[in-house]
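*Asks:* Mind having a look at this structure? Questions to follow.
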There are 2 protein chains.
Amino acid sequence: MEDYGRFLALLVSALLVGFLSVIFALIWVFHYREGLSWDGGAGEFNWHPVLIVTGFVFIQGIAIIVYRLPWTWKCSKLLMKFIHAGLNTIAMILAIVSMVAVFEYHNARNIPNMYSLHSWIGLTAVIFYSLQLLLGFAVFLLPFAAVPLRAALMPIHIYSGLLIFATVIASALMGITEKLIFSLKNPAYSTSPPEAIFVNCLGLLIVIFGALVLWMASRPHWKRPPEELPKVPRRSGGTPEGTEAESTMTDCSNADKSDVGFNSEAARKRNLKLDEAGQRSTM
Amino acid sequence: MEDYGRFLALLVSALLVGFLSVIFALIWVFHYREGLSWDGGAGEFNWHPVLIVTGFVFIQGIAIIVYRLPWTWKCSKLLMKFIHAGLNTIAMILAIVSMVAVFEYHNARNIPNMYSLHSWIGLTAVIFYSLQLLLGFAVFLLPFAAVPLRAALMPIHIYSGLLIFATVIASALMGITEKLIFSLKNPAYSTSPPEAIFVNCLGLLIVIFGALVLWMASRPHWKRPPEELPKVPRRSGGTPEGTEAESTMTDCSNADKSDVGFNSEAARKRNLKLDEAGQRSTM
């Protein structure tokens, strides 16, 4: 891998900043707020920021860059797809639970639901995220979709994934803004009490985490190298040139046998051709 | 250009949505709020959303995709750089004026400045935007920077540009959230009065505009084709392979003479090679 040291430094920074964001969210609700509970009270609402930061920001961010970890390049593509889909499923479940917490809290206190821009954009993000997961599962994980369809949908899948991730971060920042205005009354948010400064810093950490993930995900030379095409005669109407064939490997242990083509000149050229067509299925 | 019709449809949609956002911002301040003035009152504050949506969102978005307009590909690269830099300069000036309006409004009413997450992230975006503009001017517009330096900084310039644009949109959404909570008291934001619904829609329009711009800016096959390298013997230590030479054209009128290489196979291949190295200076 080109610039392995730099990639590693960025990855460690992202993990550190993401982990710190989760810790900050926990300190916010336990030190400054009412902690966690599931009784329709403020403690139930507090699951919302904790689960959003943990699942919808941190875990989603890791799911985005999981193909880029060079030590996974010996694992089968299928295994990595399962890990990618699995992490995104966990993130989606946490996001949905976090929304249930808010709805239950609102209903218990007769606060209207879905009136704010935060709720509009947040719910839209959850809906698109679920659609993205379903479509990704049907097209890229199940073995039924034709290769041209996968090739046509892959650029949209990648773009939507990054756009949803950015939208989730924007929505989280709006949520932080709302919550600080509503809950800081005496002293008010505008007088910058310690909680305000602390939670603003949580917002900055989330932005930095997002920036690191988006940088790592958008460097073409850090893409997972394409796997060797199986050496079988091409049937008419079969795999189009340059589209990755599905790996037959199922785990990392027997991956060495397909190692031949990694970083070869031929693979690199095919890689570039696919980049132009937006057809590569690794990010 | 590949998919010319689709590009045009997206461009028209982006212009329409962006223009509609500006109209929505104007309707917000004139129909629902106190209009525009420069007297330290609410009318002065109202310059903030109007100028941010017009300059920092709409004009910045146009500046990002200006290289991608296929009818500008016959214009010299230098002219396009001036247009790109010019639009970004206008956006920066409008953003700074819009911040002055808020500071003056706050100071006139003894409201503290810079306490909210919106203000922290918004000011950070303005600072990074100014640095980006200064660095872009020094490295890519002035003729002094060495080609390897331009090549090394270009991927960072592109990534920072898109990240700042996304951050500005996130900051605008936080600003809308803040303003609606603070100004809608009777009836409150939570009761969804017409203004709340209307301004939430403005927020959605801004997100759609951002999504359209980011899609157009990130499709590799919609990049401006690289210009022909001048046919002079390469000196030792000179222009590295695949790095674009500076155009000698100064306007669109005499551009046809360099038209030969547009969309040629050789240009396409060099283009791909540059994509991998992240060295192309067109987005």
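The values are calculated or read from the model by the stated rules, or taken from the named source; none is laboratory data. All figures in this text were calculated on a predicted structure; none of them were measured in a lab. With ideal geometry, Cβ positions are generated from the backbone for all residues, glycine too; neighbour counts draw on all protein chains shown.
*Asks:* Select from region B:216-249 the residues that are surrounded by 19 or more Cβ atoms within 10 Å (Cβ to Cβ) and assigned to a helix (DSSP H, G or I) and write down the one among them that is modelled with the lowest pLDDT.
*Replies:* B:222
*Asks:* Of the residues that make up region B:96-113, is at least one in a helix (DSSP H, G or I) and within 30 Å of residue B:226 (Cα to Cα)?
*Replies:* The answer is no; no qualifying residue exists.
*Asks:* Right, next: Residues B:207, B:168, B:199: which one is more than 7 Å from chain A (Cβ to nearest Cβ), under 20 Å from the mean Cα position of the chain (by Cα) and closer than 27 Å to residue B:31 by Cβ? Spell out the reasoning first.
*Replies:* On the way: B:207 fails: more than 7 Å from chain A (Cβ to nearest Cβ); B:199 fails: under 20 Å from the mean Cα position of the chain (by Cα).
On inspection, the qualifying residue turns out to be B:168.
*Asks:* In this structure, does residue B:28 turn out to be in a loop (DSSP other than H, G, I, E, B) and touching a residue at least 40 places away in the same chain (Cβ under 8 Å)?
*Replies:* Working: in a loop (DSSP other than H, G, I, E, B): no; touching a residue at least 40 places away in the same chain (Cβ under 8 Å): yes.
Spelling it out, it is not the case that residue B:28 is in a loop (DSSP other than H, G, I, E, B) and touching a residue at least 40 places away in the same chain (Cβ under 8 Å).
*Asks:* With respect to residue A:110, is the statement that it is more than 22 Å from residue B:173 (Cβ to Cβ) and surrounded by 17 or more Cβ atoms within 10 Å (Cβ to Cβ) true?
*Replies:* When the stated conditions are applied, residue A:110 does not pass them.
*Asks:* Could you count how many residues in region B:171-194 are small (Gly, Ala, Ser) and free of Cβ contacts under 8 Å to residues at least 12 places away in the same chain?
*Replies:* Looking only at that region, the number is 3.
*Asks:* Which residue, of A:123, A:135, A:162, is without any contact (Cβ under 8 Å) to a residue 24 or more places away in the chain, part of a helix (DSSP H, G or I), aliphatic (A, V, I, L, M) and under 30 Å from residue B:201 (Cβ atoms)?
*Replies:* Among A:123, A:135, A:162, only A:135 is without any contact (Cβ under 8 Å) to a residue 24 or more places away in the chain, part of a helix (DSSP H, G or I), aliphatic (A, V, I, L, M) and under 30 Å from residue B:201 (Cβ atoms).
*Asks:* If a residue has to be facing chain B (nearest Cβ under 10 Å), under 22 Å from residue B:204 (Cα atoms) and without any contact (Cβ under 8 Å) to a residue 60 or more places away in the chain to count, how many in region A:97-119 make the cut?
*Replies:* Going through region A:97-119 one residue at a time, the tally reaches 6.
*Asks:* Condition (residue is buried (at least 23 other Cβ atoms within 10 Å of the Cβ) and under 19 Å from residue B:125 (Cα atoms)) applied to region A:178-198: is it met by at least one residue?
*Replies:* No: zero hits.
*Asks:* Still on this structure: Given the criterion surrounded by 14 or more Cβ atoms within 10 Å (Cβ to Cβ), at pLDDT 95 or above and within 14 Å of chain A (Cβ to nearest Cβ), identify the matching residue among B:122, B:136.
*Replies:* B:122
*Asks:* Hey, can you tell me all the residues within region A:171-196 that are more than 10 Å from chain B (Cβ to nearest Cβ) and in a helix (DSSP H, G or I)?
*Replies:* Within region A:171-196, A:179, A:183, A:194, A:195 qualify.
*Asks:* Can I ask one more? State whether the residues of region B:79-94 include one that is in contact (Cβ under 8 Å) with a residue 60 or more places away in the chain, touching a helix residue (DSSP H, G or I) at 6+ places or on another chain (Cβ under 8 Å) and closer than 24 Å to residue B:153 by Cβ. Explain how you work it out, then say what you get.
*Replies:* Residues of region B:79-94 that are in contact (Cβ under 8 Å) with a residue 60 or more places away in the chain, as a first pass: B:79-81.
From what's left, touching a helix residue (DSSP H, G or I) at 6+ places or on another chain (Cβ under 8 Å): B:80-81.
Checking the rest, the ones that are also closer than 24 Å to residue B:153 by Cβ come to B:80-81.
Yes, some residue in region B:79-94 is in contact (Cβ under 8 Å) with a residue 60 or more places away in the chain, touching a helix residue (DSSP H, G or I) at 6+ places or on another chain (Cβ under 8 Å) and closer than 24 Å to residue B:153 by Cβ.
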